[in-house]
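Colleague: Got a structure for you, written out below as C-alpha cells; questions coming shortly.
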Amino acid sequence: MSALSDQLVSIATLVYLLAMISHAVEYALGNSRARAVVAPARELVGAAVGASTVEVTVGPAGDGLATNGIATDGRSASDLADGSSALGGAVVDPATSGRADRTARRAELGGRIAVGLTAAAAALHLAALVTRGLAADRMPWGNMYEFVLTVSFIGVAAWLTVLVKWPFLRRLGLFLTLVMVLLVATAELVLYTPIVPLVPALNSYWFIVHVSTIVFASGLFLLGVVPAAAYLMRAGYENGKRSFPYTLAKRLPAAAGLERLTFVLHAFSFPIFTFAVIAGAIWAEAAWGRPWGWDPKETWAFISWVVYAGYLHARATPSVRRNTATWLAILGFLTVLMNLFGVNIFFEGLHSYGGL
C-alpha cells in the first residue's frame, strides 16, 4: 500500500502539471475576439440620412457578454473589447472573424480539459492519501509530508467546489494548479518520510479533532490566497498599471469578484481555524498538563489567528482600502507557511513532528 501511495502521488503531480499546461493554453488563447460587421445600424429619430456600419466585438465561447459594464465572466465590458472601441472601428473581414472563433473554441476546449485533468489529479491525490492511511493504519497526518499532501488536497477539492458554483472563475485555475504542482512536488521530493508509528503524544482522539480542523482550515487558506494575489494584480491592471506582474491579470475576472471570493473563503475558514486552536489547547492540557506554553508552533498559530482576525476586521471596516485588507490575507498565509515549514525545520519544541 505504501508503494502504491507513492506512485499515486507521482502520477497526481504529473496530471496537475498537464492541467496547468491546459490552463495556460486557455489563458494564452482566451483573449481572441471575433469581430463581425452588422449591417446598417438603426437610424435615430432626427439623424442624418444614410446608415453607417457598426463594428461589434463578440467574446469567445464561455466568456460571456457584457451587462451593465460587467461581463458574465466577471470581467469589465472594456476588457471584452481589449481596448478597442465597439463603435466606429475598422471593418474586419469574415475570414479574420472565423479564425478568432476557432481560436476561441480551442481556448474553451483547453479550459474544459484543464478542469477535467484537475479533477482526475484530485482523485489520484485522494487515493494516495487513502492508501497511505491504510498502510499506516492511522489517519495520514503524522508528519510534514502527509500534512502537506492533505492540505493541498483540501485546497484543490475546495477549488473544484467553487468552480461548480462560479464557473467563470476557471482562469484562476492556472495559478491554482501551479501552486498544486509546487506543493505536491515539494512534498514528494523534499518532505517524503517513510511510514512510522505515531509518537505517543499523538495517540489520542484529539488527534482527529484538532488536526482535521487545522488541515481543513489550512486548505481553505491555501485556496484563499490565490484569488487574493490575483485580485491585487487585477486591481492594478484595472487602474492602468501595465508592468509586470499586473499584465498577468489581463485575462482574469474583474477585481471586485476576486476580492469577494477572497473574503468568502476566509470568512468561512476562520471560525474553523479558531476552533482548531481551541481544540489544540484542550488537547495540550490533557497531554502536557497546561493549555498553552508558547511552544513555537503554538506561538505561530496564535500569530496566524491574529493576522487573519485583522484581515476580517479590516475587510469589514469601510475606511480601510480593499488592497490593504487583502495584503493582510496574504500575510496570514505566509504565517501559515512559516508554521508548517519554518517551525518544523528550524525550531524544536513539543510539536516537532515534521519527520525530516
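Colleague: Evaluate the following for Thr324: is it open to solvent by 20 Å² or more (accessible area, probe 1.4 Å), modelled with pLDDT of 90 or more and not in a loop (DSSP other than H, G, I, E, B)? Give the steps one after another, and end with the answer.
Modeller: Details: open to solvent by 20 Å² or more (accessible area, probe 1.4 Å): yes; modelled with pLDDT of 90 or more: yes; not in a loop (DSSP other than H, G, I, E, B): yes.
Yes; evaluated as a whole, the condition is true for this residue.
Colleague: Kindly indicate the residue of the stretch 273-295 that is open to solvent by 40 Å² or more (accessible area, probe 1.4 Å) and part of a helix (DSSP H, G or I) and also nearest to Phe175 (Cα to Cα) among those meeting that condition.
Modeller: So the residue we want is Phe275.
Colleague: In addition: Could you please let me know if Thr161 is hydroxyl-bearing (Ser, Thr, Tyr), under 13 Å from the mean Cα position of the chain (by Cα) and surrounded by fewer than 17 Cβ atoms within 10 Å (Cβ to Cβ)?
Modeller: Taking the combined requirement at face value, the residue satisfies it.
Colleague: While we're looking at this one, here's another question. Which residues, taken from the stretch 1-15, are over 13 Å from Pro140 (Cα atoms) and polar (S, T, N, Q)?
Modeller: Hits for the stretch 1-15 are Gln7, Ser10, Thr13.
Colleague: In the list Gly173, Gly219, which residue meets the criterion of being touching a helix residue (DSSP H, G or I) at 6+ places or on another chain (Cβ under 6 Å) and either crowded, with 24+ Cβ neighbours inside 10 Å or free of Cβ contacts under 8 Å to residues at least 12 places away in the same chain (or both)?
Modeller: One residue alone meets the criteria, Gly173.
Colleague: Could you list, in sequence order, the residues of the stretch 113-146 that are modelled with pLDDT under 95 and farther than 12 Å from Ile195 by Cβ?
Modeller: Those that are modelled with pLDDT under 95 and farther than 12 Å from Ile195 by Cβ: Met139, Trp141, Met144.
Colleague: If you take the residues of the stretch 199-213 that are open to solvent by 30 Å² or more (accessible area, probe 1.4 Å) and in contact (Cβ under 8 Å) with a residue 60 or more places away in the chain, which of them is nearest to Val9 (Cα to Cα)?
Modeller: Result: Ser212.
Colleague: Is it the case that some residue within the stretch 178-189 is open to solvent by 40 Å² or more (accessible area, probe 1.4 Å), free of Cβ contacts under 8 Å to residues at least 12 places away in the same chain and within 18 Å of the chain's Cα centre (by Cα)?
Modeller: yes
The values are calculated or read from the model by the stated rules, or taken from the named source; none is laboratory data. Because the structure is predicted, anything quoted here is derived from the model rather than measured. No Cβ is skipped: glycine too gets one built from the backbone with ideal geometry, and neighbour counts run over all protein chains shown. Areas reflect the complete protein model, heavy atoms only, side chains present, ligands, DNA and RNA absent. Shrake-Rupley method; radii C 1.70, N 1.55, O 1.52, S 1.80 Å.
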